[in-house]
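Engineer: Please read through the structure below; I'll follow up with questions.
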Amino acid sequence: MLLLGTIGQILIIIFFNIYGINESTMDPKAFYGIMMLSPLVIVLAAIIGISGNQSATMMVRSLALHEIKREDIGKILLKEFLVSLLIALILVLINILRLIIVYSIQFEGLNHSSI
C-alpha cells in the first residue's frame, strides 16, 4: 500500500508539472497542503478496505465453522478493532517516515520562507 501511495504521489506530481500547477500559480500553503495530503488519501482508503475485508472474512468464516458463539461476537470485534488500530499506528509511523524522505528529496533547494 505504501508503494501504491508513493506511485500515486509521483503521478500527482507529474500531473501538477504537466499543467503548470506550482507554488507560484496558487497559494503556497494550499499547494504544499495538497501535495502532502493527497498520497495519504490513497493509503488511507486502501487500509480501510483491507481492514474491513479481513474482519468480515474472519467473522463469517468463524461463524460458518461454528468456532465462535454469537455471544462472543462483541469480544471478537473489540479484538479485531484493537489489532486494526495497532496495525494502523505502525503504518502511520512508516508512512510519516516515507513522506519525510520523499518530501525532503522533492523540495530540496526550494525557498521555504514563503510558507
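Engineer: Picking from Pro28, Ile47, Ile12, whose Cα lies most toward the positive end of the charge dipole for the range 1-93 (charges on Cβ: Lys, Arg +1; Asp, Glu -1)?
Structural biologist: Of the candidates, Ile47 comes out farthest on the positive side.
Engineer: Can you pull out the chymotrypsin sites (Phe, Trp or Tyr not before Pro) in the range 1-64 whose DSSP state is coil and whose Cβ has at most 13 other Cβ atoms within 10 Å? If you can, show how the numbers build up before the last one.
Structural biologist: Numbers: sites: Phe15, Phe16, Tyr19, Phe31, Tyr32; in loops: Tyr19.
Passing both the DSSP loop test and the Cβ count: Tyr19.
Engineer: In nm, to one decimal, how far is the Leu97 label point from the Ile14 one, both placed 7 Å along Cα→Cβ?
Structural biologist: 2.8
Engineer: Using a 1.4 angstrom probe on heavy atoms only, work out the carbon and sulfur share of the accessible area of the range 70-110 in %.
Structural biologist: Numbers: 2470 of 3200 Å².
On the range 70-110, the fraction of accessible area on carbon and sulfur atoms equals 77 percent.
Engineer: Given points 7 Å out from each Cα along the Cα-Cβ axis, report the Gln106 to Gln54 separation in nanometres with one decimal.
Structural biologist: Placing both labels 7 Å beyond Cα along the Cβ direction yields 2.7 nm.
Engineer: While we're looking at this one, here's another question. Whenever you get a sec, line up Met35, Met59 from highest to lowest accessible area (probe 1.4 Å, protein heavy atoms). Mind dumping the intermediate values first?
Structural biologist: On the way: Met35 5, Met59 25 Å².
Order by accessible area, largest first: Met59, Met35.
Engineer: So which GluC sites (Glu not before Pro) in the range 41-115 are both in a DSSP loop and have at most 13 other Cβ atoms within 10 Å of their Cβ?
Structural biologist: Numbers: sites: Glu67, Glu71, Glu80, Glu108; in loops: Glu67, Glu108.
The qualifying sites are Glu67, Glu108.
Engineer: With every protein chain kept in place and ligands, DNA and RNA left out, what is the accessible area per residue of the range 31-76? Probe 1.4 Å, answer in Å². Spell out each step's value before the answer.
Structural biologist: On the way: 3110 Å² over 46 residues.
I get 68 Å² per residue for this part.
Engineer: While we're on this one: Name the helices (complete DSSP H segments) of the chain with a Cα length along the long axis of 18 Å or more and a Kyte-Doolittle mean of at least 1.6, or state none.
Structural biologist: TM-like helix candidates: 2-18, 73-106.
Engineer: Report which label in (1) 1.09; (2) 0.93; (3) 1.18 holds the value of Rg/Rh (Cα atoms, Kirkwood Rh) derived from the coordinates of this structure.
Structural biologist: Derived directly from the coordinates: (3).
Engineer: Scan the range 1-75 for trypsin sites (Lys or Arg not before Pro) in coil per DSSP, keeping those whose Cβ has at most 13 other Cβ atoms within 10 Å, and list them by number.
Structural biologist: Details: sites: Lys29, Arg61, Lys69, Arg70, Lys75; in loops: Lys69.
Listed in order of number, the matching sites are Lys69.
Engineer: Moving to a separate point now. Determine the dipole magnitude for the chain: charges of +1 sit on the beta-carbon of Lys and Arg, -1 on that of Asp and Glu, nothing else is charged, the reference point is the Cα centre, and the result goes in debye to the nearest 20.
Structural biologist: 340
The values are calculated or read from the model by the stated rules, or taken from the named source; none is laboratory data. All of these numbers come straight from a predicted model, not from anything done at the bench. In this analysis, Cβ positions are derived from the backbone assuming ideal geometry, glycine residues included, and neighbour counts consider all displayed protein chains. When the accessible area is computed, the model is the full protein with side chains, heavy atoms only, and any ligands, DNA or RNA have been set aside. Shrake-Rupley method; radii C 1.70, N 1.55, O 1.52, S 1.80 Å.
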